[in-house]
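What follows is one structure encoded as structure tokens, with my remarks underneath.
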Amino acid sequence: AYREAINRKMNIIVPSSLAKVSSSRITVVDYKKWIVVEDDGHTRDSSAVICLNLLGYLNVKKIYLAGLDGFSNDINENYYDPFYRRPVSGFQAHARNNFYKRFINERKGEVEIEFVTPSLYE
């Protein structure tokens with residue numbers, strides 16, 4: 001998707017984990033500044049985490065969330081695109097769901113968040 005956006009000459013905001021140099025169409029944001037590292041050292045660096053942190057920083061008034069439905073231990077339920085599907089244990093799915101629910105609820109103190117599609121994080 002990144003290469004396609006570049007080829008189509010679209011404006012892009014991308015973390016520094018994917019690109020190093022900004023240009024007139026590419027804005028690179030510091031990956032390490034926008035991720036979450038938990039107390040146990042586990043890194044939460046999904047696009048949802050980075051995006052919600054950036055939107056909070058930008059003082060947006062309201063965020064609409066769609067497609068953040070939650071994780072399942074059924075590999076086919078976690079991502080639309082088969083390329084991103086990885087095995088997840090019940091424990092991993094539970095831990096991820098707990099993190100995202102807590103993370104989103106913490107953001108609700110800063111900005112109004114509305115779920116457009118059903119989510120385990122509501």
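The values are calculated or read from the model by the stated rules, or taken from the named source; none is laboratory data. Small disclaimer: the values here were computed from a predicted structure and weren't measured. Please note that ligands, DNA and RNA were not included when accessible areas were found on the heavy atoms of the full protein model with its side chains. Shrake-Rupley method; radii C 1.70, N 1.55, O 1.52, S 1.80 Å.
Annotations for the structure displayed:
- 3J(HN,Hα) from dihedral phi, segment 45-57, Karplus parametrisation 6.51/-1.76/1.60, rounded to Hz, x for glycine, proline: 10, 6, 4, 5, 5, 4, 5, 5, 5, 5, 5, x, 4
- Two numbers describe the Cα atoms of the chain: Rg and Dmax, which are 15.6, 44 Å.
- Taking a straight Cα-Cα cut-off under 15 Å and skipping sequence neighbours fewer than 8 places away in the same chain, the aspartates and glutamates within cross-link reach of LYS20 are ASP30.
- Accessible carbon and sulfur surface of segment 32-77 relative to its total accessible area, %, 1.4 Å: 50
- Note on segment 65-122 and segment 1-17: Cα centroid distance 24 Å, given to the nearest whole angstrom.
- Taking all protein chains into account, the per residue accessible area for segment 36-122 stands at 67 Å² (1.4 Å probe).
- Amide H within-cut-off set for LEU120, under 5 Å, with H built and near neighbours excluded: GLY70
- Most fluctuating residue given options TYR100, TYR84, TYR64, as computed from a GNM of the chain linking Cα atoms under 10 Å: TYR84
- Under 5 Å between amide hydrogens, built in the peptide plane, is the criterion, and for LEU65 it picks out GLU114, PHE115, VAL116 among residues at least 5 positions away or on other chains.
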